[in-house]
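Okay, structure first, notes after.
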Amino acid sequence: MAADKKTGGLAGVTAGSTHICTVGKEGAGLTYRGYDIYDLADNASFEEVAYLLLHGSLPTRSELDGYIAKIKANRRLPAELMTVLEMVPRSAHPMDVLRTGVSFLGNIEPEGDFENQQDVADRLLACLPSMLLYWHRFHTDGVRIETSTDDDSIAAHFLHMLHDKAPSELHRKCLDTTLILYAEHEFNASTFAARVITGTLSDMHSAVTGAIGALRGPLHGGANEAAMELISRFDTPEDAIEGVHGMLARKDLIMGFGHRVYTTSDPRNSVNKRMSKALAEDVGNSTLYPVSEAIEKVMWDEKKLFANADFFAASVYHFMGIPTYLFTPIFVCSRITGWAAHVMEQRADNKLIRPAADYIGPGLKEWVAIENR
Ligand code: COA
């Protein structure tokens with residue numbers, strides 16, 4: 001059925017209010033709790049941004065130190081969860097692993113009443129990278145890793161567990177910055193899903209499990225993996241130009257381009273693009289960055305479509321040696337902050353979310369007994 005042109009996908013529909021984030025707002029752009037995304041990307045750590053989103057204000061030095069210590073203390077996985085992760089097959093997509101992991105954690109560490117919602121959010125923030133990389137390393141390398149590393153930052157913790165060694169400062173900083181850029185984005189599909197679930201007075205684990213399911217699709221978070229698949233197809237910018245022209249002629253979707261809210265650019269793209277260039281030089285890769293730039297130019301020249309946050313994030317992650325199937329799960333490790341902030345905001349002034357639909361089915365019909373059909 002064709003989507004209604006006017007309200008299809010709820011485009012342009014205001015579905016509630018929020019204190020947390022602006023997306024493409026005139027005179028503000030992308031902000032978290034009033035802070036410009038470029039200021040946050042240049043100056044903050046991901047832990048500061050997580051605190052900002054979850055507590056509503058920037059932490060003082062001692063608050064940040066306390067918060068980092070709390071996250072570090074929450075990285076260890078319960079034995080039952082490790083057993084479950086070992087049972088999820090190697091062939092599973094890691095987004096499904098996280099979906100199962102969060103859902104299972106909701107069984108063994110249930111939220112109960114909502115008094116401890118901040119602790120539940122922090123626990124998820126701390127242990128999502130542990131879940132992901134415990135499963136990944138168990139199934140790819142046959143090892144049971146220690147998930148309770150002493151790294152202060154979530155970015156270093158992630159890369160340390162993945163590569164079995166502490167990352168370079170450049171790699172840590174770049175991953176940290178992508179976590180900041182991915183952390184929050186107003187009423188995007190997965191956050192809205194989390195708010196709908198929360199609106200029924202359900203628990204945080206259910207809201208996050210549903211949000212992971214929504215983020216998984218290639219029209220949302222899954223686009224960074226699809227973008228990697230696209231840029232890996234081409235050996236030269238010339239190949240890429242020809243290939244993308246062919247795809248556009250066939251009316252294929254080019255993943256990592258376009259956006260529901262932004263009309264001329266995605267503010268996160270320039271930051272990712274800068275990091276992709278720096279990392280390409282760092283690892284000595286002279287193909288992927290020029291190929292990506294060539295695709296970006298064709299898309300703008302031919303369709304006036306711009307790269308969104310996912311396009312250059314793909315090469316940024318690739319240059320750090322991160323396997324493609326972990327790209328969208330990294331988005332989860334970051335967006336858990338935005339989701340949890342929205343869960344708490346929804347609860348603070350809750351109303352069941354239940355819109356209406358225009359009925360366009362058949363008129364009332366007469367009942368026909370089964371033997372007469
Ligand atoms: N590649 C090719 N064409 C695209 C495109 C893309 N990435 N994104 C949009 N278009 C085209 C559509 O085909 C459509 O053309 P039409 O009017 O001739 O039918 C037009 O631009 C409008 O797109 P539409 O899908 O209606 O916009 P939307 O607001 O519903 O979709 C996205 C927004 C993000 C889902 C869409 O741009 C997309 O699918 N992008 C690729 C996936 C992606 O990168 N997702 C991550 C988003 S952060």
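Per-residue answers, yes or no, for (1) of a type outside the set (S, T, Y); (2) crowded, with 18+ Cβ neighbours inside 10 Å:
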position: M228; (1), (2): yes, yes
position: T236; (1), (2): no, no
position: R250; (1), (2): yes, no
position: M255; (1), (2): yes, yes
position: T264; (1), (2): no, no
position: N272; (1), (2): yes, yes
position: A280; (1), (2): yes, yes
position: G284; (1), (2): yes, no
position: S292; (1), (2): no, yes
- Any chance E111 is at negative phi and in a loop (DSSP other than H, G, I, E, B): yes
- How many residues are exposed (fewer than 15 other Cβ atoms within 10 Å of the Cβ), basic (K, R) and closer than 21 Å to T149 by Cα if we restrict to the range 77-125? 0
- Conditions (1) more than 23 Å from T191 (Cβ to Cβ); (2) of a type in the set (A, V, I, L, M); (3) assigned to a loop (DSSP other than H, G, I, E, B); number of the one not met by V13: (1)
- Residues within the range 155-201 that are surrounded by 22 or more Cβ atoms within 10 Å (Cβ to Cβ), within 16 Å of the ligand (Cβ to nearest atom) and among the charged types (D, E, K, R), tallied: 1
- Query: When you scan the range 287-356 for helices (runs of 4 or more DSSP H) that lie fully inside it, which ones turn up with 1 or more residues that are without any contact (Cβ under 8 Å) to a residue 24 or more places away in the chain and of a type in the set (F, W, Y)?
  - Reply: 288-303
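Only the coordinates and a few stated rules stand behind these numbers; no lab work does. Keep in mind that this is a model prediction, so the values were computed, not measured. A quick note on method: Cβ atoms are made from the backbone with ideal geometry, for glycine too, and the neighbour counts reach across all protein chains shown.
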